[in-house]
Amino acid sequence: PLGTAEVPEGPISAGSMDIVVAFQGDLLFASNRIGAHVDHHDAIVETDESNNTGFSRRGGMDISVSRPEADLSHCPDATALSARLGNAGDDTLPAGIAVSFYHGDPLSDGSLLGTALTRQPLPPGGYADVALDVSGAVSAGRITIVADDDGTGTGRIAEIDELNNSALLDIPAC
């Protein structure tokens, strides 16, 4: 668990309360689903035990991008770019999601460096690292990584949150 909290007395019937839990550890990806389970040891007799678990995100599919990285160790012959895709939704994401890597902003003057595909389905809460090897040196500047982008700015997956599909990485000259 990322953290736990003891609550000496719960809310009144049909009431609610806020609980603060100290967070310990790292999230695996941006928009990572966080689950909470109340009465883990079934110490309280309830008429409905099925409502004791909840998650921070609900809905269908949700791709997020985080942890952008560049490996410049083989520069100027090659540059390796990567990012982590996470599934913050409730539905499994299919294999073959396009992830495009741009030098600059793809909505203005950015140029496409290449597109990689995820290799396996991503279950809810799952993640995978996606890599692109670029032949030659990538000039210094900002790299934009966009998930569910086939290299033309077009996606194919309807998501509950389209705003967490990109990550930025500033790379130095090699």
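When the accessible area of the chain is split by element with a 1.4 Å probe, what percent falls to carbon and sulfur? Intermediate results must be reported in sequence, preceding the final value.
Numbers: 5600 of 10510 Å².
So the carbon and sulfur contribution to the accessible surface is 53 percent.
Write down the accessible area per residue of the chain in Å², having rolled a 1.4 Å probe over the full set of protein chains. Walk me through the numbers on the way to the answer.
Numbers: 10510 Å² over 174 residues.
Accessible area per residue, the chain: 60 Å².
In debye to the nearest 20, how big a dipole does segment 36-110 give about its Cα centre with +1 on each Lys and Arg Cβ and -1 on each Asp and Glu Cβ?
Rounded to the nearest 20 debye, it is 280 debye.
Which residues make up the longest stretch of the chain that has no GluC sites (Glu not before Pro) in a DSSP loop with at most 15 other Cβ atoms within 10 Å?
Answer from the scan: 47-161.
For all pairs of alpha-carbon atoms in the chain, what percent lies in each bin of width 5 Å, listed from the first bin to the last filled one?
Result, from short to long distances: 1, 8, 15, 17, 14, 12, 10, 7, 6, 5, 3, 2, 1, 0 percent.
Considering the options GLY3, ALA140, PRO124, tell which one lies farthest towards the positive end of the dipole of the chain, charges being +1 on Lys and Arg and -1 on Asp and Glu at the Cβ, about the Cα centre.
Working it through, the farthest residue towards the positive pole turns out to be ALA140.
Identify the trypsin sites (Lys or Arg not before Pro) of segment 118-174 meeting these criteria: DSSP loop state and at most 12 other C-beta atoms within 10 Å of the C-beta.
ARG119, ARG156
How high is the relative contact order of the chain? Use alpha-carbon pairs under 8 Å, at least six apart in sequence, and give a whole percent.
Relative contact order here is 22 percent.
Quick one: which of 82-89, 14-21 comes out on top by average Cβ neighbours within 10 Å, and what's the full order, highest first?
Highest-to-lowest ranking by the protection proxy: 82-89, 14-21.
State to the nearest 20 debye the size of the charge dipole of the chain about its Cα centre, where the only charges are +1 on K and R beta carbons and -1 on D and E beta carbons.
For the chain, the charge dipole is close to 500 debye.
Taking the dipole about the Cα centre of the chain, with the C-beta of Lys and Arg at +1 and of Asp and Glu at -1, give me whichever of LEU85, ALA36, HIS103 is farthest to the positive side.
Selected residue: HIS103.
When the dipole is taken about the Cα centre of segment 82-174, and only Lys, Arg (+1) and Asp, Glu (-1) are charged at their Cβ, what size is it in debye, to the nearest 20? Mind dumping the intermediate values first?
Details: 4 positive and 13 negative charges, 60 e Å.
Taking the Cα centre of segment 82-174 as origin, the dipole is about 280 debye.
Which distance in nm do the two modelled labels at SER13 and ARG142 give, with both placed 7 Å along the Cα-to-Cβ direction?
Label-label distance for SER13 and ARG142, simple model: 5.7 nm.
Place a label point 7 angstrom from the Cα of SER108 along the Cα-to-Cβ direction, then list the residues of segment 122-144 whose backbone nitrogen is under 13 Å away.
142
Please label the shape of segment 114-174 as rounded, prolate or oblate, based on the square roots a ≥ b ≥ c of the eigenvalues of the alpha-carbon gyration tensor (a/c under 1.5 means rounded; beyond that, a/b larger than b/c means prolate, else oblate).
It comes out prolate by the Cα gyration axes.
The values are calculated or read from the model by the stated rules, or taken from the named source; none is laboratory data. Predicted model only: the values in this text are computed from it and were never measured. Neighbour counts are summed over all protein chains in view; Cβ atoms, including those assigned to glycine, are modelled from backbone coordinates with ideal geometry. Note: areas computed on protein heavy atoms with side chains; ligands, DNA, RNA excluded. Shrake-Rupley method; radii C 1.70, N 1.55, O 1.52, S 1.80 Å.
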